[in-house]
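The numbers here are math on the coordinates, done by the rules we state, and not lab data. Computed from a predicted structure; not experimentally measured. Using ideal geometry, Cβ is built from the backbone for each residue, glycine included, and neighbour counts are taken over all protein chains shown.
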Amino acid sequence: MGLYGIAKGNEGLKAVYEESTVPAGQLAEVMRLSQKNALLVATSLTNVPPEAIQKYMTQVDANSTEISRIWAVYLSKVRQPAEMALAKTFVDARTEFAEQGLRPATKALRDSNISEAQTVFSGKMEPLFAKVELSLEPLLQYELDKAQSSYSASVALGNLIFWIAVGSLAVALPVAAFASVVLIRNLSRALNR
């Protein structure tokens, strides 16, 4: 009974880790890299040398590639329709941000057109980035809710196993006591003869 409970507890922990913690970490990394891209563009709009801007834009490209890689891994594990709908909302927001904000801004910066980059950053990038952030928050909450649900199920199973063990002891102890009395009585009778 105890070994079964330990095994089930370990399975529950593994499920929380694989099904909620890892995806939440992936989503957090997507957000971190997205924020870093926005910061790199914003930094490029300050008085920095062209070489630094090119370096920053190379980093933006690398971050965008990494976001796509992480997102593909995350998306490969999505099974529930509700989570898929939330993921689609994020994809739509990220696509709009990339096509109308990030790419035009980085192109303008690469072309040394700072005023165009500032216009795109203020007019498109900032509001579209806010949509990306807002679309990612429900996905993170979904992962937290999944973890809470797995935890609650594991606690319920642990409680069930505990009460089964207590019930087994409640039955076994009186039976053992009765068997001991019968054994002692029979041994005493046999020795007295």
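Computed values, structure above
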{"quantity": "Among 124-137, 180-193, the order from most to least packed when residues are scored by Cβ within 10 Å on average", "calculated": "124-137, 180-193"}
{"quantity": "Label-point separation in nm, V175 to E133, each point 7 Å along Cα→Cβ", "calculated": "6.3"}
{"quantity": "All Cα pairs of the stretch 89-187, percent lying beyond 25 Å", "calculated": "60"}
{"quantity": "Cross-link partners of K88 among lysines (Cα-Cα below 22 Å; sequence separation of 8 or more within a chain)", "calculated": "K77, K124, K131, K146"}
{"quantity": "Within-13-Å neighbourhood charge of Q54 [Cβ basis; K, R +1; D, E -1]", "calculated": "0"}
{"quantity": "Vicinal HN-Hα couplings computed from phi for the stretch 165-171 (Karplus, 6.51 cos²θ - 1.76 cosθ + 1.60; Hz; Gly/Pro x)", "calculated": "5, 4, x, 4, 5, 4, 7"}
{"quantity": "Nearest-ten-degree value, helix 50-76 long axis tilted from longest Cα axis of the chain", "calculated": "30"}
{"quantity": "Lysines with Cα under 22 Å of K55, excluding same-chain neighbours fewer than 8 positions away", "calculated": "K36, K107"}
{"quantity": "The chain: calculated mean residue ellipticity at 222 nm from DSSP helix runs of at least 4, using -39500 (n - 2.57)", "calculated": "-30000 deg cm²/dmol"}
